[in-house]
Amino acid sequence: MNHLVTGCSRGVGVEICRVLLKQGHTVYGVARSYTDEFKALESEYAGRVFFKSIDLSDSKNVRKSVFKNFISNNIQLHGFVNNAAMAYDDIVTNLNLDKLQAMYAVNVFTPMMITKYALRNMLLHHTKGCIVHISSISAHTGYKGLAMYASSKGALEAFSKNTAREWGALGIRSNVVVPGFMDTAMSSTLAEEQKDRIYKRTSMKAATSVHSVAETVAFLLSDAACSITGQNIHVDNGTI
């Protein structure tokens, strides 16, 4: 099966690609950076993994950049994993509109546009496909400085639930994976003391496993999850 994965070059994104490739799928990866980690996947799974460097902040040109110049209608798309995101962290009294709009372009507007054209591809090929958005535990449990970022993820969750309702009759599913805090590049700016404080809020007192998140995404894309849609699946070590 063919899957489109955004934010594929590092962290959760590259791990999702790795899991899907190990399962025998073909992956079309989109990201700004072409990393050595993704290049290693290309070497190991030659002919089943493809990459295109795209600026996902350019929401208006998504159709051309992704669906004209990379995935044409000749390619039957079975799944879309919306993993790409940028963080804008600050307290609300410091909110900057330009930074907020830039984040929403990557985290909300572009994923919505890609979903639009992924759905059209699935409808064209009569595919019972699946969409998986990667959200964040911050949309459910408050953290100081994450109000703006959490709001973008909350918007995605509402979008996914309504997408599921809209297209479920044709066998197209839409779900959200809600990871807890992981030890990734996005959390690298936090001090170890801050990370420990966050991890202690979970039942398991540890960082969420990136691999566990990736395996959950792969499960939702599979036929084994054929009756799961419109859901938020928490993979967060039992965040309290």
Beyond 19 Å (Cα-Cα) in this structure, taken from 22/68; 64/116; 99/153; 68/116, we find 22/68
Under the rule of at least 5 residues apart or a separate chain, name every residue whose amide H is placed under 5 Å from the amide H of residue 54. 31, 32
Checked the chain against the a/c 1.5 cut and the a/b vs b/c comparison, axes a ≥ b ≥ c from its Cα gyration tensor; verdict rounded
Long-range amide H contacts for residue 233: which residues qualify at under 5 Å (H placed 1.01 Å from N, peptide plane, sequence gap of 5 or more or a different chain)? 176, 177, 178
Taking amide H positions as placed in the peptide plane 1.01 Å from N, state which residues far from residue 130 in sequence (5 or more) or on other chains have amide H under 5 Å from it. 79, 80, 173
Here the gain from full extension of residue 203 to residue 44, 0.36 nm per residue of separation minus their alpha-carbon distance, amounts to 53.6 nm
Relative to the chain, whose Cα atoms define the longest principal axis, helix 210-221 and its Cα axis are tilted in degrees, nearest 10, by 40 degrees
Which ³J(HN,Hα) values, rounded to whole Hz and listed in residue order, are derived for region 84-90 from phi using the Karplus coefficients 6.51, -1.76 and 1.60 in 6.51 cos²θ - 1.76 cosθ + 1.60 with θ = phi - 60°, glycine and proline given as x? 4, 7, 10, 9, 10, 10, 4
Spacing of the two label points (7 Å from each Cα toward its C-beta) at residue 76 and residue 144, in nm: 5.4 nm
Per DSSP helix of 4 or more residues, -39500 (n - 2.57); summed, then divided by the residues of the chain. What does that give at 222 nm, rounded to the nearest 500? -11000 deg cm²/dmol
Taking the Cα centre of the chain as the origin and placing charges on Cβ (Lys, Arg +1; Asp, Glu -1), which of 168, 61, 79 is farthest toward the positive end of the dipole? 168
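Read-outs throughout are calculated quantities, based only on the coordinates presented, and are distinct from any laboratory measurement. Just so we're clear, the structure is a prediction, and the values are computed from it rather than from any experiment. As a convention, Cβ positions derive from the backbone with ideal geometry for all residues, glycine included, and neighbour counts pool all protein chains shown.
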